[in-house]
Amino acid sequence: MKQYGVLVVDDSAFMRRAISLMLEEDPRFFVIGIARNGVEAVEKVKRLKPDLVTMDVEMPEMNGISALDQIMKTNPVPVVMISSRTQDGAQETLQALSLGAVDFFLKDNLIRNRNGENQSKEFIERLSGIIEAKWTYSLPMEQSHENDNNEDYHKQEEHGVPIKPQQNTDMVLIGCSTGGPKALQTILPNFPKNFPVPIVVAQHMPPGFTKHLADRFNTLCQMEVKEVQNNQEVKAGTIFICPSGYQTRFEKQEDTIVFKVDNHDDGQELYKPSIDLTLSSAAPIFKDRLLSVILTGMGVDGTKGCGLVKQFRGKVFVEAEDTCIVYGMPRAVMEAGYADRQYKLSSMYKEITANV
């Protein structure tokens, strides 16, 4: 069995020890080194060449964000951020994801959850999924667009969506999990402000994080980006982010379609938002005019929903394995036979617009 070396970076001796113990319980991992601040982290990544880094956000001398930035510029390696649940923690985590961090985990969840138990099993599973994926580093979105010479992209940005004789789709629903924020950065800013259909995003995140995600994308995208609110009308020209900690469904009311946001599910859903629940409510309403897109993520959420999309003759695209941080959710949809096509992330925007 191949073993993977992990560099554990945290200014807290307690957290370094806790994370190290979790890693050592799995035979696939060993702790290749520890670092107490960002300065040490940058030096040890260069010298020890770990397969993966767990990085605390808040540290003395150099914080995790600055260290991540330097590491990605000099010695790129998969980095999982260990963040706090605070407002500042959420903003810093999203900044880290934009700089190239592959995933994040809440520090208090590593210590204990609502039942007083830690989530070490989920933590190790997510690290395993990341380490086994074909991880490649790409420039942050802001830098990549500075060097973007794609004529079609600039033409689209200037002139908007080409006029088609007939629109084939009334809504695009994107589901994603691990690696999702980075994947979304590759796609969402490309859509022009006059895109003729709404885009709804169901991204697995801890409660409170999706509001910051929506605010961040609202500064980066041409379309307006909002976190979904209960009874809000589903309108074209807007990107809607399903709120974390809640379930988001669609409901038809006379001539309008609105979002219904609540805490209710069947008790079997692992995630809030659940991609399956959101898709299952969308499919009977939008029928063959729904396009479902499943991006990178661990697990199988979205598979059942995509099955219902196909029953109503909607379309299903999945991200190809080559560009997924974790090829879990797209693989599940493919293996179930529900995917019409799979595309690399770099092609997904073009294929979505071609099918609207």
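If you filter segment 302-356 down to residues that are of a type in the set (F, W, Y) and open to solvent by 50 Å² or more (accessible area, probe 1.4 Å), you find that the one that is nearest to T278 (Cα to Cα) is F312. Selection of segment 4-48 for residues being closer than 15 Å to L68 by Cα and free of Cβ contacts under 8 Å to residues at least 24 places away in the same chain yields only E43. Scanning segment 234-262 for residues that are surrounded by 14 or more Cβ atoms within 10 Å (Cβ to Cβ) and acidic (D, E) yields a count of 0. Here the strands (runs of 3 or more DSSP E) wholly within segment 1-92 that include at least 1 residues being among the hydroxyl-bearing types (S, T, Y) are 4-9, 52-56, 79-83. Can you find a residue in segment 287-294 that is surrounded by fewer than 18 Cβ atoms within 10 Å (Cβ to Cβ) and in contact (Cβ under 8 Å) with a residue 60 or more places away in the chain? Yes, there is a match, as at least one residue in segment 287-294 is surrounded by fewer than 18 Cβ atoms within 10 Å (Cβ to Cβ) and in contact (Cβ under 8 Å) with a residue 60 or more places away in the chain. With respect to (1) at pLDDT 95 or above; (2) in contact with a His (Cβ under 9 Å, 6 or more places away or on another chain); (3) not polar (S, T, N, Q), the lone exception for L277 is condition (2).
For segment 27-42, does any single residue satisfy the condition of being within 15 Å of N63 (Cβ to Cβ), over 27 Å from the mean Cα position of the chain (by Cα), open to solvent by 80 Å² or more (accessible area, probe 1.4 Å) and modelled with pLDDT of 95 or more? Looking for residues that are within 15 Å of N63 (Cβ to Cβ), over 27 Å from the mean Cα position of the chain (by Cα), open to solvent by 80 Å² or more (accessible area, probe 1.4 Å) and modelled with pLDDT of 95 or more, one finds at least one in segment 27-42, hence yes. Scanning segment 221-258 for residues that are outside any strand (DSSP E or B) and among the aromatic types (F, W, Y) turns up just one, Y246. Of all residues in segment 263-284, those satisfying the criterion of being open to solvent by less than 40 Å² (accessible area, probe 1.4 Å), outside any loop (DSSP other than H, G, I, E, B) and over 16 Å from I241 (Cβ atoms) are D276, S280, S281, A283. Being touching a helix residue (DSSP H, G or I) at 6+ places or on another chain (Cβ under 7 Å) and crowded, with 24+ Cβ neighbours inside 10 Å: is that true of C176 here? Here the answer is yes, as C176 does meet what is asked. Please verify whether P78 is open to solvent by 60 Å² or more (accessible area, probe 1.4 Å) and modelled with pLDDT of 90 or more, treating the condition exactly as stated. No. Residues in segment 212-220: is at least one open to solvent by 10 Å² or more (accessible area, probe 1.4 Å) and assigned to a loop (DSSP other than H, G, I, E, B)? No: segment 212-220 contains no residue that is open to solvent by 10 Å² or more (accessible area, probe 1.4 Å) and assigned to a loop (DSSP other than H, G, I, E, B).
Return yes or no: is M55 among the aliphatic types (A, V, I, L, M), under 27 Å from the mean Cα position of the chain (by Cα), modelled with pLDDT under 95 and buried (at least 23 other Cβ atoms within 10 Å of the Cβ)? Answer is no for this residue.
The values are calculated or read from the model by the stated rules, or taken from the named source; none is laboratory data. Nothing here was measured: the structure is a model prediction, and the numbers come from that model. Methodologically, a virtual Cβ is constructed for each residue, glycine included, from the backbone with ideal geometry; neighbour enumeration extends over all protein chains shown. What goes into the accessible areas is simple: the full protein's heavy atoms, side chains included, and nothing from ligands, DNA or RNA. Shrake-Rupley method; radii C 1.70, N 1.55, O 1.52, S 1.80 Å.
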